[in-house]
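Working notes, structure below.
The values are calculated or read from the model by the stated rules, or taken from the named source; none is laboratory data. Computed from a predicted model, the values in this text were never measured in an experiment. Here Cβ is always computed from backbone atoms with ideal geometry, including for glycine, and neighbour counts include all displayed protein chains.
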Amino acid sequence: MMMRAMKKIFPVFAILLALAAPAQAAQTAGIAAVVNDDAISMTDVQDRIKLVIVSSGLPDSPEIRSKILPQVVEGLIEEQLKLQEAHRHKLEVSEEEVEDGLKTIADQNHFTPEQFVAILEKSGVPKGTLISQIKSTLAWNKVIKDVLRRQVDVSDTDVNVRMERLKSKIGQTEYLVSQIYLPLDNAKRNAETIAFAGRMAKELQAKKAPFGAVAAQFSKAAGADKGGTLGWIQTGQLGDDLDKVLVTLEPGDVSDPVRTQTGLYILALQKKRTFSEESIPPRDELTNSIGYERLDRVQQRTLLDLKSAAFIDRRV
């Protein structure tokens, strides 16, 4: 049974008028990276850094800008790869679709598109950097829907196994959890990623930035666009390394980075409750949940393969 099309929800941007003060001038000349036949300029990088700071609520300081620089560059590289892959499959994004995406974000923040863009520009964020992010997201959604989804199949047996596992958890504690996931897929930059994750965790633990907004900008896991939410889960779903940390958290806590075989996780616990029979979702929801999990693994693997096969020249 094929899962229904996964719909992407755009990040809800935490626009704060107090962030309108101009940042220190930054060097914007030159090329930051080359991705196959496309170049990413330092202007692209600096504009995206401004967008990330405004939308995530992170403090705007030279230290934060320095810490997020590698992640921003990697994000822009991935956006180029996603656009290139969509183009290879002749999947194009229309101007109307991009404008609809902008309207969705503006609506979620209770602004008109014009008001929303004006707030960004007042904070020093050009409209073009947001449009680029929206276009990449839409293009990759089309790749997922029209190309990758064919690789995902969920059988009745799969659903039955998940149902029985859930029934065995009745009476145990379940957790309402959000996550940020940063892959460790580049040996040359893993140390930077680990340092960045540690700094990010400290900012989140100190409540200096909202978890959901930071997840929307940086996490590479499914649900990042929804603030990193995993919904209600039980021990056993995340793996032993994460389970050991999860059971120590209290509602409102944010964990230190947890290293696994594939990358780093930061967990945020919202609530705890006792799992009951009434908490078991209907079969169609389980089918979609299993399919979504598998589709996320497929798209992450595909993106990793694209990065491995691409010519990428990082210059910062």
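Here Ser136 clears all of (1) at pLDDT below 95; (2) of a type outside the set (A, V, I, L, M); (3) crowded, with 20+ Cβ neighbours inside 10 Å except the condition numbered (1). The lone criterion from (1) crowded, with 18+ Cβ neighbours inside 10 Å; (2) of a type outside the set (Asp, Glu); (3) at pLDDT below 95 left unmet by Val245 is number (3).
Would it be correct to say that Val117 is over 21 Å from the mean Cα position of the chain (by Cα), β-branched (Val, Ile, Thr), in a helix (DSSP H, G or I) and farther than 30 Å from Ala309 by Cβ? Considered against the rule, which asks whether it is over 21 Å from the mean Cα position of the chain (by Cα), β-branched (Val, Ile, Thr), in a helix (DSSP H, G or I) and farther than 30 Å from Ala309 by Cβ, Val117 comes out as yes.
So that you can scan it fast, the table gives a plain yes or no per residue for (1) of a type in the set (D, E, K, R); (2) within 12 Å of Ala268 (Cβ to Cβ); (3) in a loop (DSSP other than H, G, I, E, B):
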{"position": "Val214", "(1), (2), (3)": "no, yes, no"}
{"position": "Asp225", "(1), (2), (3)": "yes, no, no"}
{"position": "Leu230", "(1), (2), (3)": "no, yes, no"}
{"position": "Asp243", "(1), (2), (3)": "yes, no, no"}
{"position": "Thr248", "(1), (2), (3)": "no, no, yes"}
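One residue stands out among those in segment 140-169 that are touching a helix residue (DSSP H, G or I) at 6+ places or on another chain (Cβ under 6 Å) and not charged (D, E, K, R): the one that is farthest from Asp313 (Cα to Cα), which is Val159. Restricting the first member to segment 229-242 and to residues that are of a type in the set (Val, Ile, Thr), and the second to residues that are surrounded by 18 or more Cβ atoms within 10 Å (Cβ to Cβ), the beta-carbon pairs closer than 7 Å and six or more apart or on different chains are Thr229/Ser178; Thr229/Gly223; Ile233/Glu174; Ile233/Tyr175; Ile233/Val177; Thr235/Leu246.
Residue-level check: of (1) part of a loop (DSSP other than H, G, I, E, B); (2) surrounded by fewer than 17 Cβ atoms within 10 Å (Cβ to Cβ); (3) touching a residue at least 24 places away in the same chain (Cβ under 8 Å); (4) not small (Gly, Ala, Ser), Glu192 misses just (1).
Here Val125 fulfils each of the conditions (1) part of a helix (DSSP H, G or I); (2) in the same structural domain as Lys50 (by TED's automatic domain parsing) apart from (1).
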